[in-house]
1. Inspect all residues belonging to segment B:207-220 and state whether any of them is facing chain A (nearest Cβ under 10 Å), without any contact (Cβ under 8 Å) to a residue 60 or more places away in the chain, part of a loop (DSSP other than H, G, I, E, B) and among the small types (Gly, Ala, Ser).
2. Taking B:Thr66 and the conditions (1) modelled with pLDDT of 80 or more; (2) closer than 18 Å to A:Val84 by Cβ, which numbered condition does it fall short on, given that it satisfies the others?
3. Return the pairs, sorted by first residue and then second, in which the second residue is polar (S, T, N, Q), the first residue lies in segment B:30-51 and is modelled with pLDDT of 95 or more, the beta carbons are less than 6 Å apart, and the residues are 6+ apart or on different chains.
4. Answer yes or no as to whether B:Ala114 is open to solvent by less than 20 Å² (accessible area, probe 1.4 Å) and touching a residue at least 24 places away in the same chain (Cβ under 8 Å).
5. Tell me which residues, restricted to segment A:51-105, are within 10 Å of chain B (Cβ to nearest Cβ), within 23 Å of A:Glu35 (Cβ to Cβ) and open to solvent by less than 10 Å² (accessible area, probe 1.4 Å).
6. Got a number for residues in segment B:272-288 being of a type outside the set (A, V, I, L, M, F, W, C) and open to solvent by 10 Å² or more (accessible area, probe 1.4 Å)?
7. Do the conditions hold for A:Leu110, that is, is it open to solvent by 20 Å² or more (accessible area, probe 1.4 Å), closer than 23 Å to B:Asn211 by Cβ and modelled with pLDDT of 95 or more?
8. Looking at B:Phe84, is it surrounded by fewer than 17 Cβ atoms within 10 Å (Cβ to Cβ), closer than 16 Å to B:Ala163 by Cα and modelled with pLDDT of 95 or more?
Amino acid sequence: MKASQKILSLVAGMFALGGTALHAEPVHPDEVVYEDWLVTESLSGEPGDAERGYEVYTSRSQGNCIACHSITALLEDVQWHGTVGPSLDGVGARWEEADLRGIVANAKNLYPDTIMPAFYKSSGFIRPGQRFTMQPAEEPLEPILSAQQIEDVVAYLLTLTEYPE
Amino acid sequence: MRGFAKGAGIVLAGVMALGLGAPLAAQPIEDTLIVNEELEMTTRIPAPEYMAEIFDEVISGWHFRTGETRDMQRDDFDNPGMLFAEQGRDAWNTVEGDAGHSCASCHEGPESLAGYWTQNPRIGGDSNGELWAAEQYINNCRETRMEAEPWGWDSNQMKNMTALIASQSRGMPMNITTDGEYAEHWELGKEIYYTRYGQMQLACANCHEENNGQMIRADHLSQGHINGFPTYRLRTAGLVSRHNRFRGCIRDTRGVPYGIGSPEFVALELYLASRGNGLSVEGPAVRN
């Protein structure tokens, strides 16, 4: 093989790699690799979108994080913040991306007895139902949030870098 | 470095949760419940010995509701639950079934059952050693003594009747037996109480024991007592049975509840009622 061909095939290889990374299959909830509680790689293979993450955070039908947490900057826009969990003001300054991804995916690795649900978990439940229908569900279940929704809400949390006065 | 930053993160998170940034957790409201200006209710008591590790005080759900909701329970004219109890009184006096009896034929007035509710559920004369809830005693009388059709556990007729019977014990302290022949049921109820059900992996204890007094979105979490059942719920504008409430709380964990009327829910009822021993019977109470 000539040197120029070598370079060409190398470049092609890089494209192929880039291609798989961009359109990667999401990591299955049962196969997420936690290092302690950290998850270093994007679960969807794609970056998160903070705007969509705001929806995940506030929407009752998605993460409904607001049921337990409060964020000062949202107090005016959205009524009724929960007090069961800590305020998430400054959460993007005190944790790194891999921490936040791991905490949202399965907070029980860091806080074993926590009330916070594991949002990216699909098996190991007692009497699981199909969402709120009370009908029994077969494991593995769809996780509460999709891989991309986890990435989105993590991106949103990373924007919360300030502690209000 | 990482480790240090994380430690600091956890400490800070704790500080912030207490700080001004977070809405203040609403504590149970100081107030006194006197019904119809004469019946003083016991709505908070020091925890009995077997509950002392869990709560300092046992507090009725009434203290966790808003002023408007609390006020509705002060007077029977403002308590819509009492309208349903009155419908229960009509049924009490109505002859039904092949034996030609009404409840009144044998029990006379409903006040003859005063005190009964303080020990609901119980193992009694009719139940042949089983633990029965009020609904089971009532249906037993209907089927075997009146030769009438049983009522659905969660039917309006049944809830009207349990509201009538509960109201005969209003103001009396809940007095559930937990030992002896009750022990195995009580243990089963306790196990259910601490089991994390559903995809959200939540136990009753996570919300009502560890987080009562906190807000979960717009809901002010109470200790989850059942001395006020059947309750009149503003949200549904009707009476709600104990088992219906249990079912709703397990459904909300994305779980599969036990059946209404199942032995598991009767055992849970026994255990929960015992956690509130000493609180006044409030049924029918008003809740949102």
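1. yes
2. Result: B:Thr66 fails condition (2) only.
3. So the pair list comes out as B:Leu33/B:Thr43; B:Met41/B:Ser280; B:Thr42/B:Ser280; B:Thr43/B:Ser60.
4. Considered against the rule, which asks whether it is open to solvent by less than 20 Å² (accessible area, probe 1.4 Å) and touching a residue at least 24 places away in the same chain (Cβ under 8 Å), B:Ala114 comes out as no.
5. A:Val91, A:Asp99
6. Count: 4.
7. Answer is yes for this residue.
8. Judged against the criteria, B:Phe84 is not a match.
The values are calculated or read from the model by the stated rules, or taken from the named source; none is laboratory data. All values derive from a computational prediction rather than experimental measurement. No Cβ is skipped: glycine too gets one built from the backbone with ideal geometry, and neighbour counts run over all protein chains shown. The area values use the complete protein model at the heavy-atom level, side chains included, leaving out ligands, DNA and RNA. Shrake-Rupley method; radii C 1.70, N 1.55, O 1.52, S 1.80 Å.
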